[in-house]
Amino acid sequence: MTRFSRATPDWARELVISVCAEHQVSPPLVVRWAHRDRAASSGVTRSDSGAISVVAGHDQLDQRLTLLHELAHWLLPAPRRWRRRRAAHHDARFYALAFPLYLANGLTDAEAIAREAAHYPSSLRHARALGVPGAEAAWRERRRLLAGRRGILRVLVPEHRVALARDGRWTVCSVCGQRIVGPNLVRLRRRGGRHTLLTREAAS
Ligand SMILES: [Zn+2]
Ligand SMILES: [Zn+2]
């Protein structure tokens, strides 16, 4: 029998029992539920002590997603050596279980993708690989935003054959002037090669 803390809503109790029954896994020994005055929820699952804890914010869907996320951890205990590094087990194996669980339990594709990504941006990559509808577009949009934040790469000098020259202490390409060091220098000395001079411009 699972012990639920008093604040655990009925829907959450039912979800814990039904999801574990469906996956033929015994339910956690303890489910702790607390409320906080904020939108998002957070959760922790301790497989070794048999406990799931949720700190629920006011966003109802985020509560549901958070509980389902923790249930996915419960159904799929992390290898022992990973238990102390929580983020390490948000991997392809985890999301292959978590996303179908979200979709089977009241979240739409769009909600599951957006909310999980709000907690763990790396989940977009897995949602995309799993073919969750809308994940491809969300993943592209995120890449576009990240590229914008880092600045835009522009070609300053088009591709050309590298011509090595000395410039004081440095070896440079005499066509574009960029310094060439380390393994690149060794390779270019030996075999020559081509390159392009790129510049990063701040995003507008
Ligand atoms: Zn997690
Ligand atoms: Zn050059």
Test E111 against the criterion of being charged (D, E, K, R), in contact with a strand residue (DSSP E or B) (Cβ under 9 Å, 6 or more places away or on another chain) and either modelled with pLDDT of 95 or more or farther than 24 Å from L29 by Cβ (or both), and give yes or no. no
Residues located in the stretch 155-184, provided they are exposed (fewer than 13 other Cβ atoms within 10 Å of the Cβ) and more than 11 Å from ligand 2 (Cβ to nearest atom): V155, R166, D167, G168, R169, W170, V181, G182, P183
Would you mind finding the one in A138, A127, A202 that is modelled with pLDDT of 90 or more and either more than 16 Å from ligand 1 (Cβ to nearest atom) or touching a Lys or Arg at 6+ places or on another chain (Cβ under 6 Å) (or both)? A138
For the stretch 27-41, which positions are in a strand (DSSP E or B) and touching a residue at least 60 places away in the same chain (Cβ under 8 Å)? none
So R84, is it at pLDDT below 95 and in a helix (DSSP H, G or I): no
Tally, over the stretch 166-177, of residues that are farther than 14 Å from G193 by Cα and in a loop (DSSP other than H, G, I, E, B): 3
For the stretch 131-138, indicate whether the set of residues that are of a type in the set (D, E), away from ligand 2 (no atom under 16 Å from the Cβ) and in contact (Cβ under 8 Å) with a residue 24 or more places away in the chain is non-empty. no
Pairs please, first residue from the stretch 48-69 and within 22 Å of A127 (Cα to Cα), second anywhere and within 15 Å of ligand 1 (Cβ to nearest atom) and outside any helix (DSSP H, G or I), Cβ atoms under 6 Å, 6+ apart in sequence or on different chains. D62/A40; D62/S41; Q63/S41; T66/S41; T66/G43; T66/V54; L67/V54
Among (1) in a helix (DSSP H, G or I); (2) under 21 Å from the mean Cα position of the chain (by Cα) - the single one I17 does not satisfy: (2)
Mind checking which residues of the stretch 130-141 are touching a helix residue (DSSP H, G or I) at 6+ places or on another chain (Cβ under 6 Å) and not aromatic (F, W, Y)? L130, V132, P133, G134, A135, E136, A138
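The values are calculated or read from the model by the stated rules, or taken from the named source; none is laboratory data. Since the model is a prediction, treat every value here as computed from it, not as a measurement. Reconstructed Cβ throughout: ideal geometry from the backbone, glycine too, with neighbour counts over all protein chains shown.
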